[in-house]
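Asker: Would you mind keeping the following structure in view while I ask a few things?
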4 protein chains.
Amino acid sequence: MGVARSRGTAVKEEAADARRNRREHLLEAAVELFATKGYAATTMRDIADASGILAGSIYHHFASKEAMLDEALRDFLVRLYERFAAAERAGDDPRETLSRLVRISFLSIHESPHAVAVYQNETGSDVLRKEAFAYVTDYGNRIEQVWLRVLTTGQMSGMVRPDFDVKVGYLFIRDAIWSAVRWYRPGGQMTPENLAEQYLGLLYKGLD
Amino acid sequence: MGVARSRGTAVKEEAADARRNRREHLLEAAVELFATKGYAATTMRDIADASGILAGSIYHHFASKEAMLDEALRDFLVRLYERFAAAERAGDDPRETLSRLVRISFLSIHESPHAVAVYQNETGSDVLRKEAFAYVTDYGNRIEQVWLRVLTTGQMSGMVRPDFDVKVGYLFIRDAIWSAVRWYRPGGQMTPENLAEQYLGLLYKGLD
Amino acid sequence: MGVARSRGTAVKEEAADARRNRREHLLEAAVELFATKGYAATTMRDIADASGILAGSIYHHFASKEAMLDEALRDFLVRLYERFAAAERAGDDPRETLSRLVRISFLSIHESPHAVAVYQNETGSDVLRKEAFAYVTDYGNRIEQVWLRVLTTGQMSGMVRPDFDVKVGYLFIRDAIWSAVRWYRPGGQMTPENLAEQYLGLLYKGLD
Amino acid sequence: MGVARSRGTAVKEEAADARRNRREHLLEAAVELFATKGYAATTMRDIADASGILAGSIYHHFASKEAMLDEALRDFLVRLYERFAAAERAGDDPRETLSRLVRISFLSIHESPHAVAVYQNETGSDVLRKEAFAYVTDYGNRIEQVWLRVLTTGQMSGMVRPDFDVKVGYLFIRDAIWSAVRWYRPGGQMTPENLAEQYLGLLYKGLD
DNA sequence: GATGAATGAGGATTCATTCAT
DNA sequence: CATGAATGAATCCTCATTCAT
C-alpha cells in the first residue's frame with residue numbers, strides 16, 4: 001500500500017487471476033451442464049466448448065470430470081451444512097428455527113441453483129455411489145438430522161400437533177422445498193424470500 | 001377346474017405365456033434400471049444381463065432402447081391421466097376431488113414406482129426432448145390442468161383461502177407428492193393410503 | 001397318360017410344385033435385391049419380406065445367402081457361355097458372328113437383367129473373391145476369349161481395320177454393352193433387337 | 001535455396017505438413033477402399049488399418065464415414081464439371097468439343113481413378129440416395145446435359161449422321177468411357193491420351 | 001416346412017483421458 | 001498453458017445363422 005508494486009509482480013498476479021478465473025469459469029460451466037444435461041450426459045467437450053478451450057486442456061485445471069463434480073458438490077454441501085448448523089446453534093424457539101431452515105434452503109437454491117440441481121438429480125446415480133463421494137451421503141444425513149431435531153423439539157414443545165408424523169412429514173417438506181430448483185428461476189418475479197413465505201404459509205396454515 | 005385341458009393346448013398356452021413373460025420381464029427390467037441408473041446410463045447389456053439373454057436378443061422384442069422407454073412411459077401416463085380425468089368428471093366438491101387426486105397419485109407411485117421415477121428423473125433429459133416423446137409433455141400439461149382447475153375452483157368456492165397462490169402452491173404440492181417415489185418402498189409398513197392421509201393432513205391442517 | 005392319377009399323387013405333385021415355386025420365388029426376389037441394393041447390403045430379412053416368409057425359413061430352401069448368389073450367377077453364366085459358344089461354332093463370317101454376340105448380350109440383359117447387374121456390380125467385391133466363386137472369373141475369361149477370337153479373326157480377314165486395338169477395343173465394346181443393364185428397362189419402348197441394331201450401327205459406322 | 005530457414009519455422013511447417021498429410025492420407029485410403037470393396041463393405045477399421053491408426057481416431061479428422069465419401073465425391077464432381085463447362089464454353093465446332101469431352105474424361109480417370117470408381121459403383125446405392133448427396137445426381141445431370149447439347153448440335157450441323165439416336169448413343173458412349181476405370185491402370189503402358197485416341201477412333205471411324 | 005427366439009460376431013460412433021509439441 | 005492427435009474401451013444396433021417347437 002502506498003508502494004508501487006513491481007511490474008513483474010503485477011504481471012504475475014494478473015496471470016494468477018487469469019488462471020483462477022479460467023478455473024472458476026470451467027467449474028461454473030461444468031456444473032451448469034451437469035445440472036442441465038446430467039453428469040453422465042455431459043462431455044468434457046461440452047464443458048470445453050462452453051469455455052472456449054479444447055477438451056484436453058481442461059486437464060491442466062482439473063484432474064478429471066469426477067474431480068469437477070466433487071469440487072462443486074463439496075463446496076455446496078459444506079456451505080449448506082454450515083448454515084444449517086448455525087441456524088440450529090442460534091437456539092431460538094423451534095418454529096423460528098424451522099422458518100430459518102426453510103429460508104436458508106430457498107436462498108441456497110437462489111444462489112447455487114446448478115449445484116442444488118446436480119445434488120438432486122445425481123443422488124442415486126452411479127457416480128455418487130463411489131467411495132469418493134461417500135461424504136455426499138454423509139452431509140445429507142447430517143442435514144437431515146438438523147431437520148428432524150427441530151421438528152421433534154417443536155412437537156415436544158407443542159408447537160407441532162402430536163399426530164404429525166415427523167419422519168414422513170420431514171420428507172414431504174424437504175422434497176417440496178428442494179424440488180423448487182426445477183422451476184424456480186433466479187432473476188424472475190419470485191424472490192427466494194417470497195418463496196419461503198409462500199411455503200411457510202402452506203406449512204403453518206394449510207390450504208384453508 | 002375339473003375339466004382337463006388337452007396337453008397340446010396347455011403347451012401352447014405355456015409357450016404364449018413364455019413369450020408374453022419374456023417381453024414383460026424385459027420391459028420391467030429395463031424400467032427398473034432406467035429408474036435406478038437413469039435412462040442414458042443404462043446399457044442394453046445391463047437389461048440383457050438382468051434378463052439372462054444377450055444384448056442383441058432384446059431387439060427381437062423391442063425395436064430400440066428408446067422404444068422400451070416409450071412403451072413404459074406411455075402406458076403409465078395414459079393410465080394416470082385417465083384416472084385423473086375420471087376423478088374430475090366425478091364432480092364432487094373440490095376438496096373431495098383434491099383428495100382423490102392425492103390418493104390416485106400415491107396409488108400410482110405404489111403400483112408403478114419405476115415408471116414414476118423415470119418420468120420424474122428424465123423430464124428435461126435429451127431423450128424426452130425428442131419429437132417422439134412430445135406426448136410426455138402433453139400428458140404432463142393435461143394433468144397439470146386438472147390440478148389447477150380443482151385448486152382454482154376450490155378457491156372460488158371458499159374452500160381454499162384467498163391468499164393461497166394457486167400456481168406456486170400447485171408446484172409445491174406436486175413435487176412433495178411425486179418425490180415420494182424416491183423413498184417410498186412398496187411392501188413396507190406404509191400403505192399408499194396411509195401416505196395419502198399423512199399428506200392430506202399436512203395440506204389441510206398444516207403443522208399445528 | 002389316359003390313366004387317372006391317384007389323388008395322393010396329385011397332392012404330392014402340387015406340394016412339389018409349391019416347393020419349387022417357393023424356391024424359385026425366393027431366388028428371384030434375392031437376385032432382384034442383390035441387383036438393386038448390392039449383395040452385401042441385402043439382408044436375409046429383405047429377401048424374406050419380399051417373399052412373405054420369415055428370414056429363418058429361407059434356410060429350408062438354401063444353405064446360405066452365398067448359396068443363393070452362387071445359384072443365380074452360375075445359372076446365368078452357364079447359359080450365357082453356351083450361347084456364345086454356339087454362336088462361335090456356327091462358323092459364319094466374323095462380322096456375322098460379332099453381330100450375334102452383340103445380339104445375344106442384349107437379349108441376356110433383357111431376359112436376366114438382375115443377374116447381369118449382379119455380375120456387373122459384384123465383380124471385384126469381397127464375396128466373389130472367395131474360392132467358391134472362382135468359376136465366375138473362369139467363365140468371364142472364356143467369354144472374353146470368344147470375343148477376342150472373333151475380333152482377331154475379323155481383323156485378319158480384313159473386315160476390321162488394322163489400326164484397331166483388339167484388346168482395348170474389346171473392353172470398350174464389352175463395357176458399353178453390359179452397362180446398358182443400368183438404364184435398359186424390359187417392357188419399355190426399346191426392344192433388345194433395337195438396342196443391338198443401335199449399337200451395331202455405332203460400331204460399324206461410327207458417328208458420321 | 002541458399003537462404004536457411006530457422007529451425008523453428010521448419011519444424012512448424014513439418015508439423016502442418018504432417019497434419020495435412022494425415023488427413024489426406026486417410027481420405028485417399030478411404031476412397032481407394034470404397035472403390036475396391038464398396039462403400040458399405042468398407043469398415044472404419046479397414047481405413048484405419050490402412051493408415052496405421054485406430055478406427056476411433058479417424059473421427060478427429062472426419063465427422064463420419066459419410067463425410068469422407070462426401071468430400072471425395074464433391075471434390076471430384078466439381079472439378080469434372082468445371083472442366084466440361086470450360087470445354088463447352090470454348091465454343092469450337094461440335095466435333096472438336098466432343099473430342100475434348102472424351103479427353104477430359106480419360107484424364108479424370110487417370111487422375112482420380114478411385115473417385116471415378118466410387119461414383120460409378122455407388123450410383124443407386126443407399127448412401128447416395130440420402131438428401132445430403134442430392135448434389136451428386138445434380139452434377140451428374142449437368143454433365144449429361146453438356147454431352148447431349150454437344151451431340152445434338154453436332155447432329156444439326158451435319159457432323160453426326162441423322163439416324164444416330166442421340167439419347168441412346170450418349171449412354172453407350174458414356175458407359176464405354178467411364179467403365180474404363182475398371183481396367184485402366186495409371187502408370188501402365190496406356191496413357192490417358194492414348195486411350196482417348198483409341199476411343200475417338202472407334203467413335204468416328206467404327207470398326208472398319 | 002414355417003416360426004420365432006436366441007446367438008455371437010461385428011460395425012459406426014462416442015468419449016474420458018494421455019501426451020508430444 | 002493450450003493444442004490436437006491418438007487411444008481403447010464402451011455403446012447401440014445389425015445380421016447371418018441355428019434350433020427347438
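Asker: Would it be correct to say that A:GLU96 is surrounded by fewer than 19 Cβ atoms within 10 Å (Cβ to Cβ), part of a helix (DSSP H, G or I) and modelled with pLDDT of 95 or more?
Answerer: Taking the combined requirement at face value, the residue does not satisfy it.
Asker: Same structure again: Which of the residues that make up the stretch A:17-60 are in contact with a helix residue (DSSP H, G or I) (Cβ under 7 Å, 6 or more places away or on another chain), of a type in the set (Gly, Ala, Ser) and either more than 10 Å from DNA strand F (Cβ to nearest atom) or under 24 Å from A:TYR184 (Cα atoms) (or both)?
Answerer: Across the stretch A:17-60, the qualifying residues are A:ALA29, A:ALA30, A:ALA35, A:GLY38, A:ALA50.
Asker: Could I ask something else about it? Does the stretch A:117-170 hold any residues that are among the aliphatic types (A, V, I, L, M) and farther than 18 Å from A:ALA85 by Cβ, and which are they?
Answerer: A:ALA117, A:VAL118, A:VAL127, A:LEU128, A:ALA132, A:ALA134, A:MET156, A:MET159, A:VAL160, A:VAL166, A:VAL168
Asker: If you don't mind, another one. For the stretch C:135-192, which positions are more than 28 Å from D:THR191 (Cα to Cα), of a type in the set (A, V, I, L, M) and without any contact (Cβ under 8 Å) to a residue 40 or more places away in the chain?
Answerer: If the condition is that a residue be more than 28 Å from D:THR191 (Cα to Cα), of a type in the set (A, V, I, L, M) and without any contact (Cβ under 8 Å) to a residue 40 or more places away in the chain, then C:MET190 is the only one that fits.
Asker: I'd like the full set of residues that are closer than 22 Å to A:LEU151 by Cα and either of a type in the set (Phe, Trp, Tyr) or in contact with a strand residue (DSSP E or B) (Cβ under 8 Å, 6 or more places away or on another chain) (or both), limited to the stretch B:165-208.
Answerer: Of everything in the stretch B:165-208, those that are closer than 22 Å to A:LEU151 by Cα and either of a type in the set (Phe, Trp, Tyr) or in contact with a strand residue (DSSP E or B) (Cβ under 8 Å, 6 or more places away or on another chain) (or both) turn out to be B:PHE172, B:TRP183, B:TYR184, B:TYR199, B:TYR204.
Asker: Identify, please: which residue in the stretch B:170-204 is in contact with a Pro (Cβ under 9 Å, 6 or more places away or on another chain) and under 25 Å from B:ARG142 (Cα atoms) and is, among those, farthest from the other protein chains (Cβ to nearest Cβ)?
Answerer: Only one residue fits best here, namely B:PRO192.
Asker: Need at least 2 residues that are β-branched (Val, Ile, Thr), at pLDDT 95 or above and closer than 30 Å to C:ALA40 by Cβ per element, so show me which helices (runs of 4 or more DSSP H) inside the stretch D:126-208 make the cut, counting only ones lying wholly within it.
Answerer: Per the criteria, D:134-156.
Asker: So for the stretch B:79-99 (the condition being β-branched (Val, Ile, Thr), within 14 Å of chain A (Cβ to nearest Cβ) and away from DNA strand F (no atom under 14 Å from the Cβ)), does at least one residue qualify?
Answerer: yes
Asker: Could I ask something else about it? From A:ARG19, A:ARG23, A:ARG5, grab the single residue that is more than 19 Å from A:PRO113 (Cα to Cα), modelled with pLDDT under 95 and within 16 Å of DNA strand E (Cβ to nearest atom).
Answerer: Answer to the check: A:ARG23.
Per-residue answers, yes or no, for (1) without any contact (Cβ under 8 Å) to a residue 12 or more places away in the chain; (2) touching a Phe, Trp or Tyr at 6+ places or on another chain (Cβ under 7 Å):
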| site | (1), (2) |
| --- | --- |
| A:LEU69 | no, yes |
| A:ARG89 | yes, no |
| A:PRO94 | no, no |
| A:SER99 | no, no |
| A:ARG103 | no, no |
| A:TYR119 | no, yes |
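Asker: Given the criterion more than 10 Å from chain A (Cβ to nearest Cβ) and crowded, with 19+ Cβ neighbours inside 10 Å, identify the matching residue among B:VAL136, B:VAL166. Write out each step before concluding.
Answerer: Values: B:VAL166 fails: crowded, with 19+ Cβ neighbours inside 10 Å.
Selected residue: B:VAL136, the only one of B:VAL136, B:VAL166 that is more than 10 Å from chain A (Cβ to nearest Cβ) and crowded, with 19+ Cβ neighbours inside 10 Å.
Asker: In addition: Quick one: what pairs do we get from the stretch D:54-65, first residue more than 14 Å from chain A (Cβ to nearest Cβ), second within 6 Å of DNA strand F (Cβ to nearest atom) and not aromatic (Phe, Trp, Tyr), C-beta under 8 Å, 6+ apart or different chains?
Answerer: Within 8 Å, the pairs are D:HIS61/D:ARG22.
Asker: Hey, any hits in the stretch C:105-122 for a residue that's surrounded by 14 or more Cβ atoms within 10 Å (Cβ to Cβ) and not in a helix (DSSP H, G or I)?
Answerer: Yes, the stretch C:105-122 contains a residue that is surrounded by 14 or more Cβ atoms within 10 Å (Cβ to Cβ) and not in a helix (DSSP H, G or I).
Asker: Next question, about the same structure. Return yes or no: is A:ARG129 under 21 Å from the mean Cα position of the chain (by Cα), away from chain B (no Cβ under 13 Å) and among the basic types (Lys, Arg)?
Answerer: When the stated conditions are applied, A:ARG129 does not pass them.
Asker: Applying the selection to the stretch B:33-60, what residues are among the aromatic types (Phe, Trp, Tyr), part of a helix (DSSP H, G or I) and touching an Asp or Glu at 6+ places or on another chain (Cβ under 9 Å)?
Answerer: Within the stretch B:33-60, B:PHE34 is the sole residue that qualifies.
Asker: May I ask you to verify whether C:ILE109 is within 15 Å of DNA strand E (Cβ to nearest atom) and of a type in the set (A, V, I, L, M)?
Answerer: Numbers: within 15 Å of DNA strand E (Cβ to nearest atom): no; of a type in the set (A, V, I, L, M): yes.
Considered against the rule, which asks whether it is within 15 Å of DNA strand E (Cβ to nearest atom) and of a type in the set (A, V, I, L, M), C:ILE109 comes out as no.
Table: residues versus (1) crowded, with 19+ Cβ neighbours inside 10 Å; (2) under 15 Å from D:ALA115 (Cβ atoms); (3) in contact with a His (Cβ under 7 Å, 6 or more places away or on another chain).
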residue	(1), (2), (3)
D:ALA30	yes, yes, no
D:THR36	no, yes, no
D:THR42	yes, yes, no
D:ASP46	no, no, no
D:ALA55	no, no, no
D:HIS60	no, no, no
D:ALA63	no, no, no
D:MET68	yes, yes, no
D:ASP75	no, yes, no
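Asker: Here are some residues: B:ALA72, B:ALA63. Which one is within 16 Å of DNA strand F (Cβ to nearest atom), assigned to a loop (DSSP other than H, G, I, E, B) and over 30 Å from B:MET156 (Cα atoms)? Please lay out each step first, then the result.
Answerer: Details: B:ALA72 fails: assigned to a loop (DSSP other than H, G, I, E, B).
Of the residues listed, the single one that is within 16 Å of DNA strand F (Cβ to nearest atom), assigned to a loop (DSSP other than H, G, I, E, B) and over 30 Å from B:MET156 (Cα atoms) is B:ALA63.
Asker: Moving on. Would you check if A:ILE143 is of a type outside the set (Lys, Arg), more than 16 Å from DNA strand E (Cβ to nearest atom) and either surrounded by fewer than 17 Cβ atoms within 10 Å (Cβ to Cβ) or within 14 Å of another protein chain (Cβ to nearest Cβ) (or both)?
Answerer: On the way: of a type outside the set (Lys, Arg): yes; more than 16 Å from DNA strand E (Cβ to nearest atom): yes; either surrounded by fewer than 17 Cβ atoms within 10 Å (Cβ to Cβ) or within 14 Å of another protein chain (Cβ to nearest Cβ) (or both): no.
When the stated conditions are applied, A:ILE143 does not pass them.
The values are calculated or read from the model by the stated rules, or taken from the named source; none is laboratory data. Keep in mind that this is a model prediction, so the values were computed, not measured. All Cβ positions, glycine included, derive from the backbone under ideal geometry; neighbour counts span all protein chains shown.
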